[in-house]
Amino acid sequence: ADQNKALIERFYTEVWNKGHLAVADEVFAKDYVRHDASGGPPAPGPEGQKQIAAGLRKAFPDLVMTTDFMMAAT
(Lines give C-alpha, C1' and ligand atoms only; values in the text may rest on other atoms or scores of the structure.)
Protein backbone atom coordinates (compact mmCIF):
# COMPACT_ATOMS: atom_id res chain seq x y z
CA ALA A 1 0.00 0.00 0.00
CA ASP A 2 2.83 2.42 0.80
CA GLN A 3 4.46 1.82 -2.60
CA ASN A 4 1.16 2.53 -4.34
CA LYS A 5 0.69 5.74 -2.38
CA ALA A 6 4.24 6.84 -3.23
CA LEU A 7 3.61 6.13 -6.92
CA ILE A 8 0.44 8.23 -6.95
CA GLU A 9 2.13 11.05 -5.05
CA ARG A 10 5.03 10.97 -7.51
CA PHE A 11 2.65 11.19 -10.46
CA TYR A 12 0.88 14.25 -9.10
CA THR A 13 4.09 15.98 -8.00
CA GLU A 14 6.14 15.31 -11.11
CA VAL A 15 3.56 15.31 -13.91
CA TRP A 16 0.87 17.71 -12.72
CA ASN A 17 2.88 20.12 -10.59
CA LYS A 18 6.25 20.19 -12.34
CA GLY A 19 5.24 19.29 -15.90
CA HIS A 20 7.65 16.37 -16.17
CA LEU A 21 5.36 14.51 -18.55
CA ALA A 22 7.84 11.69 -19.24
CA VAL A 23 7.25 10.40 -15.69
CA ALA A 24 3.87 9.15 -16.94
CA ASP A 25 5.80 6.58 -19.00
CA GLU A 26 7.23 5.20 -15.76
CA VAL A 27 4.04 5.07 -13.70
CA PHE A 28 1.33 3.98 -16.18
CA ALA A 29 1.00 0.67 -17.97
CA LYS A 30 0.95 0.79 -21.77
CA ASP A 31 -2.62 -0.58 -21.74
CA TYR A 32 -3.95 1.76 -19.01
CA VAL A 33 -7.45 3.07 -19.82
CA ARG A 34 -8.79 6.17 -18.08
CA HIS A 35 -12.50 6.10 -17.24
CA ASP A 36 -14.02 9.45 -16.35
CA ALA A 37 -16.45 12.07 -17.60
CA SER A 38 -13.89 14.24 -19.38
CA GLY A 39 -14.52 15.61 -22.86
CA GLY A 40 -13.84 12.50 -24.92
CA PRO A 41 -11.65 9.49 -24.31
CA PRO A 42 -7.91 10.18 -24.07
CA ALA A 43 -5.36 7.97 -25.77
CA PRO A 44 -4.65 4.75 -23.84
CA GLY A 45 -1.59 4.33 -21.68
CA PRO A 46 0.83 7.05 -20.61
CA GLU A 47 0.22 9.11 -23.75
CA GLY A 48 -3.33 9.88 -22.71
CA GLN A 49 -2.19 11.01 -19.29
CA LYS A 50 0.48 13.23 -20.83
CA GLN A 51 -2.11 14.81 -23.16
CA ILE A 52 -4.48 15.53 -20.27
CA ALA A 53 -1.76 16.98 -18.03
CA ALA A 54 -0.28 19.09 -20.83
CA GLY A 55 -3.68 20.52 -21.74
CA LEU A 56 -4.60 21.38 -18.18
CA ARG A 57 -1.17 22.86 -17.46
CA LYS A 58 -1.48 25.01 -20.58
CA ALA A 59 -4.88 26.31 -19.47
CA PHE A 60 -3.83 26.75 -15.82
CA PRO A 61 -0.04 27.18 -15.71
CA ASP A 62 -0.04 28.05 -11.99
CA LEU A 63 -2.09 25.00 -10.99
CA VAL A 64 -0.65 23.04 -8.06
CA MET A 65 -2.19 19.78 -6.88
CA THR A 66 -1.88 18.78 -3.24
CA THR A 67 -2.80 15.58 -1.49
CA ASP A 68 -4.67 16.18 1.73
CA PHE A 69 -5.70 12.60 2.37
CA MET A 70 -5.00 9.26 0.69
CA MET A 71 -6.61 6.00 1.67
CA ALA A 72 -5.47 2.56 0.54
CA ALA A 73 -7.94 -0.24 0.01
CA THR A 74 -7.05 -3.50 1.68
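The values are calculated or read from the model by the stated rules, or taken from the named source; none is laboratory data. Not measured: the values here are computed from a predicted model. Cβ sites come from the backbone with ideal geometry, for glycine too, and all protein chains shown count toward neighbours. Note: accessible area is taken over every heavy atom of the protein model, side chains too, but ligands, DNA and RNA are not part of it. Shrake-Rupley method; radii C 1.70, N 1.55, O 1.52, S 1.80 Å.
Observations, loosely collected:
- The chain, helix-only ellipticity at 222 nm - DSSP H runs n ≥ 4, -39,500 (n - 2.57), divided by all residues, nearest 500: -11500 deg cm²/dmol
- Percent accessible area from carbon and sulfur atoms, segment 1-45, protein chains only, probe 1.4 Å: 54
- DSSP-loop trypsin sites (Lys or Arg not before Pro) across segment 1-37, with at most 14 other Cβ within 10 angstrom: K18, K30, R34
- Solvent accessible area, Å² - V64, 1.4 Å probe, full protein context: 100
- Restricting the calculation to alpha carbons of the chain gives Rg and Dmax of 12.5, 37 angstrom.
- Rolling a 1.4 angstrom probe over the protein heavy atoms with all chains in place gives the chain an accessible area of 73 Å² per residue.
- Each of A73 and I8 was given a label point 7 Å from its Cα along the Cα-to-Cβ line. The distance between the two points is 1.1 nm.
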